[in-house]
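Structure first, commentary second.
The values are calculated or read from the model by the stated rules, or taken from the named source; none is laboratory data. What you see is a predicted model, and the numbers here were worked out from it, not measured in a lab. We place every Cβ from the backbone using ideal geometry, glycine too, and count neighbours over all the protein chains shown. Accessible surface areas use protein heavy atoms only, side chains included; no ligands, DNA or RNA. Shrake-Rupley method; radii C 1.70, N 1.55, O 1.52, S 1.80 Å.
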Amino acid sequence: SRSRPRLTPYTALMLLLTLVIVIVVAVIAVGVAMYNGLIRSKNQVENAWSQIDVQLKRRLDLIPNLVDTVKGYAAHEQETFQQVIAARNAAIDAPNTPAGQAAPNDTLTGALGKLFALSEAYPELKANQNFLALQEELTATEGRVAYARQFYNDSILDYNNKIESVPTVFVAKMLGYQQREYFEADEAARTAPGVGF
């Protein structure tokens, strides 16, 4: 019968060292992959927020032209104009965070709804090409804001899931990653604004 070759102390040490090196390399590779995934998710969230910010600023820039156009036809609707201007100023002055921007922009959406409703009472305004173009541009911008908001919230969901899942949660905690907030409408903005003449 053949006997098994015996491991020399040197061979055993080399095998143990090789095993330790393989484990260390695997742990480092997993750590790097988790870190890179966190960075990708964080950058996706920041990109998504910047897209919302661009669309909100675009909407704010369109409002003065819209108000001026409507004033030409409905000059005695000062309360509505003041509401739109106050809501726009509040949105401009609000902190550039999801929580800071949500309520002022929802209020602005409600005020714009009242402004657009004026066109029903003023047929000349409803037929004005400048008003129609501005209304169409604002409507398209609202659609882009809604899309950007959904994309942002989806990115937040992915990010928050990633930093709370094992084993990434350990790397996230070591690096100080924290949950991010969603960009949500407040309760007042979820109901249609009333319009009175």
Considering residues that are at pLDDT 95 or above, of a type in the set (Val, Ile, Thr) and open to solvent by 70 Å² or more (accessible area, probe 1.4 Å), the number found within the range 154-167 is 0
Gly37: passes all of (1) surrounded by 10 or more Cβ atoms within 10 Å (Cβ to Cβ); (2) over 20 Å from Met174 (Cβ atoms) but (2)
If we keep only residues of the range 101-118 that are under 16 Å from Val70 (Cα atoms) and in contact (Cβ under 8 Å) with a residue 40 or more places away in the chain, then the residue surrounded by the most Cβ atoms within 10 Å (Cβ to Cβ) is Leu112
- [ ] With the condition kept exactly as written, say whether any residue in the range 113-136 is assigned to a helix (DSSP H, G or I), at pLDDT 90 or above, under 30 Å from Asn47 (Cα atoms) and under 19 Å from the mean Cα position of the chain (by Cα).
- [x] no
When restricted to Ala148, Ala48, the only residue closer than 30 Å to Val169 by Cβ, touching a Phe, Trp or Tyr at 6+ places or on another chain (Cβ under 7 Å) and touching a residue at least 24 places away in the same chain (Cβ under 8 Å) is Ala48
Residue in the range 75-88 that is acidic (Asp, Glu) and within 30 Å of Val45 (Cβ to Cβ) present:
no
The number of residues in the range 55-100 that are in contact (Cβ under 8 Å) with a residue 24 or more places away in the chain, open to solvent by 20 Å² or more (accessible area, probe 1.4 Å), over 24 Å from Phe131 (Cβ atoms) and part of a helix (DSSP H, G or I) is 1
When restricted to Phe151, Phe197, Phe170, the only residue at pLDDT 90 or above, open to solvent by 50 Å² or more (accessible area, probe 1.4 Å) and touching a helix residue (DSSP H, G or I) at 6+ places or on another chain (Cβ under 8 Å) is Phe151
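Somewhere in the range 128-136, is a residue among the aromatic types (Phe, Trp, Tyr) and open to solvent by less than 20 Å² (accessible area, probe 1.4 Å)? Give the steps one after another, and end with the answer.
First, pick out the residues of the range 128-136 that are among the aromatic types (Phe, Trp, Tyr): 131.
Still in the list and also open to solvent by less than 20 Å² (accessible area, probe 1.4 Å): 131.
Yes: one or more hits.
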Scanning the range 28-77 for residues that are closer than 29 Å to Lys114 by Cα and β-branched (Val, Ile, Thr) gives Ile52, Val54, Ile63, Val67, Thr69, Val70
